[in-house]
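Here's the structure, in structure tokens; my notes come after.
Values quoted throughout were computed directly from the atomic coordinates according to the rules given, and no laboratory measurement underlies them. None of these values were measured; they are calculated from a predicted model. Every residue, glycine as well, gets a Cβ built from its backbone with ideal geometry; the counts of neighbours run over all protein chains shown.
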Amino acid sequence: MENKFMIYNTLSRKKELFEPLNAPNVGLYVCGPTVYGPAHLGHARPAITFDVLFRYLQNLGYKVRYVRNITDVGHLEHDADEGEDKIAKKARLEQIEPMEVVQQYTLHYHKVMDALNVLPPSIEPHASGHIIEQIELVKEILDNGFAYESQGSVYFDVAKYDKAHKYGILSGRNLDDVLNTTRELDGQDEKRNPADFALWKCAQPEHIMRWPSPWSNGFPGWHCECTAMGRKYLGEQFDIHGGGMDLVFPHHECEIAQGMAAMGHNVVKYWMHNNMITINGTKMGKSLGNFITLDEFFNGSHKLLTQAYTPMTIRFFILQAHYRSTVDFSNEALQAAEKGMQRLLEAYKTLGGLVATGETTVDVKELRNKCYDAMNDDMNTAQVISHLFDASRAINQLADKKATISEADLAELKEVFHLFAFDILGLREEQGSNSAREEAFGKVVDMLLQQRQVAKANKDWATSDKIRDELAALGFEVKDGKDGATWRLNR
């Protein structure tokens, strides 16, 4: 297939044709979670977005090495220079080892990712397992003159770097903007410039997680891990670096500066960022009381939820919007997503029972091209779903005997529907209480229709009509045909 895949590059601020550095091999690095608490809705969007990218690149024939890191040390407050390590804080509060916190929440993260049908990455490195690589990175930046040591810590010299290479090329900020927005923090007297960020921090006595280095017993700055691990597993240049839009500045901006300062060239060809999820128009946050974990979505226990939502409903909800657009959560939006997903799944189930009936009289022949065109247009999953809904309407026409389809076109329709709904978008039929309950409903409806058939055979039209009307009142559409009655649930 001719490569037409266009992706929006945050660095160039435009869509670009995807051309790997070393086709068919593709290097993909995505910033993973910081494991100090349960996975939440904010974790779900980048995981699902880049899972679809991973799936699609493989579908196009590329061999993808997908690296998604686990941040298990050194992740401080937003500027990554000051504040308390969140993992260490959690460990102290619970009186356990920091790595117990890491293990607990890493296992939880994997569990919910599996529920969301997110494929595991090729490599999942931990920051704590790559301290040596991060120390070596800091040494290189020091040797090249773009960092300095101060009181056992090492800081990146942003002003010196800006003169040589220009700081802010990803976020569009200039150094004056950064200086004017840098908040005052304890420890700023160690720096030459308030915008300088930590490459290595000297650990205070109360800091639990620390390692020996040429400068002090301490820990790496937040930004170092991705630069060091990306280089180790994907090389000094690789294709795609992804993450949430909230990471553009400072994290990814600092990564670009570190890579250039250490290696003398840009490391990443394409930068991709998914947008934020808001809740009723407000950014999600614990202090606002609108912070919802994925487990709370799955069991419906949060006060803002009116019901439980399955993992596939969450996945479908996220994919209904383009990955670069903001998604606003509400119960109404999730309920609509639940109904929409069930329509697609029911259409696919109906499709499995169809047989060819002659010349094709429904619009399905261009479905494959339409879906590929949508995916090639910067991974427009929302448009793919729209095309699958169109196909679902055609499937229902065929099931209702209002249209016909050839054997070849029916085989193509089944293959394309499965390819995009399940293989690329990653939807799946969910096992568990919901599916079991629906199966039970189906058996009850079938039993009632058998009783209705007996009533009709006995010319008991009143009972026959009553069963049909009461099923209709419950949302079940019953249709009589030559081969007996069929039904479907109108959600």
Original post:
So what's the angle, to the nearest 10 degrees on a 0 to 90 scale, between helix 224-234 and the longest Cα principal axis of the chain?
Top reply: 60
**OP:** Considering only DSSP beta bridges where both residues belong to the chain, give the percentage that are antiparallel (nearest 5).
**Re:** 50
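Classify the stretch 6-274 as rounded, prolate or oblate from the Cα gyration tensor: take a ≥ b ≥ c as the square roots of its eigenvalues, call it rounded if a/c is under 1.5, otherwise prolate when a/b beats b/c and oblate if not. Walk me through the intermediate numbers first.
Numbers: a/c = 1.76, a/b = 1.16, b/c = 1.51.
It comes out oblate by the Cα gyration axes.
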Original post:
How do Lys414, Lys303 rank when sorted from fewest to most other Cβ atoms within 10 Å of their own Cβ?
Top reply: Lys303, Lys414
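Between Lys166 and Lys4, 0.36 nm times their residue separation minus their Cα-Cα distance comes to what? Display every interim value, and only then the final one.
On the way: separation 162, 0.36 × 162 = 58.32 nm, distance 3.21 nm.
Result: 55.1 nm gained on full extension.
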Original post:
Excluding same-chain residues fewer than 8 positions from Lys90, which lysines have a Cα within less than 25 Å of its Cα?
Top reply: Lys111, Lys201, Lys283, Lys286, Lys303
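To the nearest 20 debye, what is the magnitude of the charge dipole of the stretch 118-234 about its Cα centre, counting +1 on the Cβ of each Lys and Arg and -1 on the Cβ of each Asp and Glu? Write down the numbers at each step before the final one.
Numbers: 12 positive and 17 negative charges, 50 e Å.
So the magnitude is around 240 debye.
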Subject >> Simple spin-label estimate for Gln453 and Thr306 in nanometres, 7 Å along Cα-Cβ >> reply: 3.9
Subject >> Distance cut-off 16 Å, percentage of C-alpha pairs in the stretch 1-73 lying past it >> reply: 58
Subject >> Distance between modelled label sites at Leu21 and Gln204, nm, 7 Å Cα→Cβ extension >> reply: 3.9
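List the relative contact order of the chain as a percent without decimals, with contacts defined as Cα pairs under 8 Å and 6+ residues apart. Walk me through the numbers on the way to the answer.
Numbers: 728 pairs, mean separation 74.2, N = 491.
In percent, rounded to a whole number, it is 15.
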Original post:
In the structure shown, do any of Lys339/Lys365; Lys4/Lys365; Lys402/Lys479; Lys349/Lys402 have a Cα-Cα gap over 22 Å, and if so which?
Top reply: Lys339/Lys365
Original post:
Expressed as a rounded percentage, what relative contact order does the stretch 279-424 have, with Cα pairs under 8 Å and six or more residues apart?
Top reply: 23
Original post:
How far is it, in nm, from the label point at Lys283 to the one at Arg192 when both lie 7 Å from their Cα along the line to the Cβ?
Top reply: 3.1
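Only sites in a loop by DSSP and with at most 15 other Cβ atoms within 10 Å count here; which trypsin sites (Lys or Arg not before Pro) in the stretch 138-169 make the cut?
On the way: sites: Lys139, Lys160, Lys163, Lys166; in loops: Lys166.
Here the sparse-neighbourhood loop sites are Lys166.
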Original post:
Which value in Å does the Kirkwood hydrodynamic radius of the chain take, with 1/r averaged over all unlike C-alpha pairs and then inverted?
Top reply: 25.4
**OP:** Classify the stretch 317-356 as rounded, prolate or oblate, taking a ≥ b ≥ c as the square roots of the eigenvalues of its Cα gyration tensor: rounded when a/c is under 1.5, otherwise prolate if a/b is larger than b/c and oblate if not.
**Re:** oblate
Subject >> Under 20 Å from Lys401, Cα to Cα: aspartates and glutamates that are on another chain or at least 8 residues apart >> reply: Glu346, Glu359, Asp363, Asp390, Asp409, Glu412, Glu477, Asp480, Asp483
Subject >> Debye log10 I(q)/I(0) at q = 0.19, 0.20, 0.22 Å⁻¹ for the stretch 103-213, Cα point scatterers >> reply: -1.05, -1.09, -1.17
**OP:** Give me the angle, in degrees from 0 to 90, between the Cα long axis of helix 253-263 and the longest principal axis of the Cα atoms of the chain, rounded to the nearest 10.
**Re:** 60
Original post:
Of all the stretches in the chain, which is the longest one without any exposed loop site, taking GluC sites (Glu not before Pro) in a DSSP loop (any state but H, G, I, E, B) with at most 12 other Cβ atoms within 10 Å?
Top reply: 3-183
Original post:
Going by alpha carbons, how many degrees (0 to 90, nearest 10) lie between the helix axis of 367-376 and the longest principal axis of the chain?
Top reply: 10
**OP:** Report the one residue of Tyr29, Tyr105, Asn117 whose Cα lies farthest in the direction of the positive end of the charge dipole of the stretch 1-139 (charges on C-beta: Lys and Arg +1, Asp and Glu -1; origin at the Cα centre).
**Re:** Asn117
**OP:** Among Gln151, Gly230, Ala91, pick out the residue whose Cα is farthest towards the positive end of the charge dipole of the stretch 6-274, where Lys and Arg carry +1 and Asp and Glu carry -1 on C-beta, about the Cα centre.
**Re:** Gly230
Original post:
With the Cα gyration tensor of the stretch 279-424 giving a ≥ b ≥ c as the square roots of its eigenvalues, does the rule (a/c under 1.5 for rounded; else a/b larger than b/c for prolate; else oblate) give rounded, prolate or oblate?
Top reply: prolate
